[in-house]
1. Could you give every pair whose Cβ atoms fall below 9 Å, whose first residue belongs to region A:1-23 and is of a type in the set (S, T, N, Q), and whose second residue is part of a helix (DSSP H, G or I) and open to solvent by 10 Å² or more (accessible area, probe 1.4 Å), counting only separations of at least 6 or pairs across chains?
2. Go through (1) free of Cβ contacts under 8 Å to residues at least 12 places away in the same chain; (2) assigned to a helix (DSSP H, G or I) and name the single condition residue B:124 misses.
3. Taking the residues in region A:223-274 that are part of a loop (DSSP other than H, G, I, E, B) and of a type in the set (Phe, Trp, Tyr) as candidates, determine which candidate is farthest from the other protein chains (Cβ to nearest Cβ).
4. Could you say which residue among B:130, B:162, B:146 is in contact (Cβ under 8 Å) with a residue 24 or more places away in the chain, in a helix (DSSP H, G or I) and of a type outside the set (Ser, Thr, Tyr)?
5. So residue B:239 ticks every box in (1) open to solvent by less than 70 Å² (accessible area, probe 1.4 Å); (2) touching a Lys or Arg at 6+ places or on another chain (Cβ under 7 Å) but one. Which box is left unticked?
6. Give region B:454-511 a look and list any residue that's open to solvent by less than 30 Å² (accessible area, probe 1.4 Å), of a type in the set (A, V, I, L, M) and part of a strand (DSSP E or B), or say none.
7. Check whether at least one residue in region B:308-315 is touching a His at 6+ places or on another chain (Cβ under 9 Å) and buried (at least 21 other Cβ atoms within 10 Å of the Cβ), and report yes or no.
8. Could you check region A:15-111 for strands (runs of 3 or more DSSP E) lying wholly inside it with 2 or more residues that are buried (at least 21 other Cβ atoms within 10 Å of the Cβ)?
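The values are calculated or read from the model by the stated rules, or taken from the named source; none is laboratory data. All values reported here derive from a predicted model rather than from experimental measurement. Note that we place each Cβ from the backbone using ideal geometry, even for glycine, and neighbour counts take in every protein chain shown. What goes into the accessible areas is simple: the full protein's heavy atoms, side chains included, and nothing from ligands, DNA or RNA. Shrake-Rupley method; radii C 1.70, N 1.55, O 1.52, S 1.80 Å.
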Amino acid sequence: MTDLTHLQRLEAESIHIMREVMASAENPVMLYSVGKDSAVMLHLAKKAFYPSPPPFPLLHVDTTWKFQAMYELRAKAAEDAGMELLVHQNPEAKEKGINPFDHGALHTDMWKTEGLKQALDKYQFDAAFGGARRDEEKSRAKERVFSFRGANHQWDPKNQRPELWKLYNARKGKGESIRVFPLSNWTELDIWQYIHLENIEIVPLYFSAPRPTVERDGLLLMVDDERFPLAPGETPVERHIRFRTLGCYPLTGAEESKATTLPEIIQEMLLTTTSERQGRAIDKDAGASMEKKKQEGYF
Amino acid sequence: MTDTPSVYQTDALISQDIDAYLDIHQHKSMLRFITCGSVDDGKSTLIGRLLYDSKMIFEDQLASLEADSKKMGTQGDEIDFALLVDGLAAEREQGITIDVAYRFFATEKRKFIVADTPGHEQYTRNMVTGASTADLAVILIDARKGVLTQTRRHSYLAHLIGIKQIVLAVNKMDLVDYDEARFNEIVDDYRAFAETIGIQAFTAIPLSGLAGDNITNPSDNTAWYQGPTLLAHLEDVELSNTLEQEKDFRMAVQWVNRPNLDFRGFSGQIASGVVRIGDDVRVVPSGKQSTIASIVTFDGELDQAVAGQSVTLTFADEIDCSRGDVIAAASAPPAVTDQFESTLVWMDETPLLPSRSYILKIGTQRVNAAVQTLKHQINVNSSEQLAASTLQLNDIGVVDISTDRPIVFEEYADNREMGGFILIDKMTNATVAAGMVRFSLRRAQNVHWQAIDVDRQAHAALKNQSPRVLWFTGLSGSGKSTIANELEKRLHQTGRHTYLLDGDNVRHGLNKDLGFTDAARVENIRRVGEVAKLMADAGLIVLTAFISPFQAERDMVRAMLPDNEFVEVFVDTPLAVAEQRDVKGLYKKARAGDLKNFTGIDSPYEAPENPEIRIDTTQMTAEQAADAILDWLSKNA
């Protein structure tokens, strides 16, 4: 009798989900955000189809405001996996110069929500893997593994298909698409343990290092390039920081830390008293903001 | 606030020796369970408490929780744990849980996945959904109220879906002064009921989700109770995943892995048993045999793999195997059937239509299936069998199902993965039902298709024609019969062997027992489809003139016939025009309310989306229509 560990069971479940998508979708894609969850998802895809390379491309919906270190890992990760990397930047947002400093919520809406819709329409993808987990946020806890979006990409939380056993109903009408979340049942701790156990390469920003920072609205932000508007006379302060979650650098709060190894990161996480989304400006609106964003088509 | 109990993370170990901690936590097992109870039994509070006690709630979440508690909480200045898990905005307003939500927490021994399933009656389908992947069910009872109808319903469903571990959580003990007699009374009540539905054993625990008694720590308030706390019990129960390994080997093929000409592997997740290199295996349903050459994974080849693992297998011989096949132990392969008895839980607003063709998904197999017989419905409150002609949302019934191709299966009681299936509506793509195979109907194994020497090709060849079923569909009074009649005359004149099946005529004979409800309309078309198929087998060109309002049934007949033999002719007459003609005076009667379920008036007509031929009768006479169809036939001979 072999007792499978919880990570072995989570891994097997995610692989099963990915293979089901491959068997039922015509044109799948994996959304790749370069973060730790994407890294785990990509690793699982390599396992699911080995010895074949994962039979779909990676898609990065880029906002042009990610950390430099993320852009560096992006190309390398795709190449290592033997997958095509597609990068989409919303041309309208680009033209209008939408940025997180001047445009607030519009930045996320145009670069990410609109950008994603554009990319899915452009390439006619009918299934997109995403790295969302149910433990991240309240409205995520109720999302199905196979989540259906209407022709306009909207999510209807009251009209979800029941998911029984391991039987996923992937049938869809014309113009409809599926978002698939193979990491649904993973927690933040599971992700870190798995990265540690499997030796998965992640962006160095997750590890502590001295980095130039400024404080904005209670968030500790990293000055990642010259686009960061400093107040007159303001100079970035070097602090030992790392990130629990990665997004657009002007929107992602760092925490002061000395953790430079995975066990130390896990140690900090277990002893910490705040959730990982606390560092995200996007979730700070009204209580049900994520649910609202998802109905509009946010991933 | 209760202190964090030691069963969770040992902070000391984390801070002093993180590597030792990680080693322990990498060997944790995983238990999936559901919580169910009535609307006010305190499920969400209990789960909120488990998360809170296991430190799965962080300070920022707690701050927003405290703010929410003051704003809309029901607990005064205390934290309302229910707000933590009632996620969707709509539910927060209504104060009820309306969808299944998954929560996670962990102790030293186990990771837990909790399906929080709603107690509200109309959402029973969510409870079945949550239960389908669970090893254990926590059934909550309000100590003040005792065993309720909802308790019976949820227990019945949990048992039906094959959950072997039942916990009776007698909650809100603080509100009955931790009274032992009250607890015993409830347990006795529940036992009496449980035995009637076949629940052999359960574990009863007195607790309070709000006050925290017997959740993680034994409570001084219930000194009379010697059993485990809820969490201690969850940590120690046996996992069904381990038990699956003792059964015969089965793996449904998900995907054929062919990176190059030298490698052909079969990928899947092992449903039961153990597979080793050199094992003799059989591919079902084809029956082809080989031996396992290798068990391939990204992390290297394995000597053996067990139930629950996702692997890729290669065979020693080149034999056919593809998605939908089951690879099984050669000495004990699973059975195959195309007719079986099953329990069905209906999950859609649109009721079951017996005879309608649905998509059935079981394992990785996908076939067309129809409910042949609805034997009875089950009242889940009383376990009574009721006569029924259909199943509505949340109804449970026992049915006979037939499939268009044999499926590989095992009885659900023996193997959940090989015996659980879903039905999908072909038009809406909704998952309309969950089913559990009870047993194969013996008929299917004994009645074999009679092979006939003079086959359909021989019939057609003698008549020197290609058989066709010209299926006229359209509203009453659209002109189907008139055009079909005109067309048959022309075909007959050119020496074709034809037969016209007309709606009104068939209803005087073959289908005189059928009315005009949706279910009867489906059966009407099924029979006509079967007759048309036999006639086409005999080599005839068959013309049918039926309203046939539903796309699903037209597609069902199409699926019965070889490719290109079914020709859908949409006689497209707007309702206003048909009603104005009203040749038989039926529209007038229907409008007056003297004729019920009349298509176009109080019963729907689904116009064909892609008919082979569309006849616009506002632009064409019957003669012109017949010409157009003849023209189409000669071009598509």
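1. A:2/B:242; A:14/A:47
2. Among (1) free of Cβ contacts under 8 Å to residues at least 12 places away in the same chain; (2) assigned to a helix (DSSP H, G or I), the lone unmet condition for residue B:124 is (1).
3. So in region A:223-274, the residues part of a loop (DSSP other than H, G, I, E, B) come out as A:223-236, A:243-247, A:253, A:257-261, A:272-274.
From the residues that got through so far, the ones that are of a type in the set (Phe, Trp, Tyr) too are A:228, A:243.
Working: A:228: 25, A:243: 16 Å.
It comes out as A:228.
4. On the way: B:162 fails: in a helix (DSSP H, G or I); B:146 fails: in a helix (DSSP H, G or I).
Of B:130, B:162, B:146, the one residue that is in contact (Cβ under 8 Å) with a residue 24 or more places away in the chain, in a helix (DSSP H, G or I) and of a type outside the set (Ser, Thr, Tyr) is B:130.
5. Here residue B:239 meets the rest and fails (2).
6. B:469, B:470, B:501, listed by residue number.
7. Step one: list which residues in region B:308-315 are touching a His at 6+ places or on another chain (Cβ under 9 Å), which gives B:310.
Of the ones still in play, those that are also buried (at least 21 other Cβ atoms within 10 Å of the Cβ) are B:310.
Checked against the condition, which is being touching a His at 6+ places or on another chain (Cβ under 9 Å) and buried (at least 21 other Cβ atoms within 10 Å of the Cβ), region B:308-315 yields at least one hit.
8. On the way: elements: A:28-31, A:58-62, A:85-89.
Where strands (runs of 3 or more DSSP E) fall fully within region A:15-111 and carry at least 2 residues being buried (at least 21 other Cβ atoms within 10 Å of the Cβ), they are A:28-31, A:58-62.
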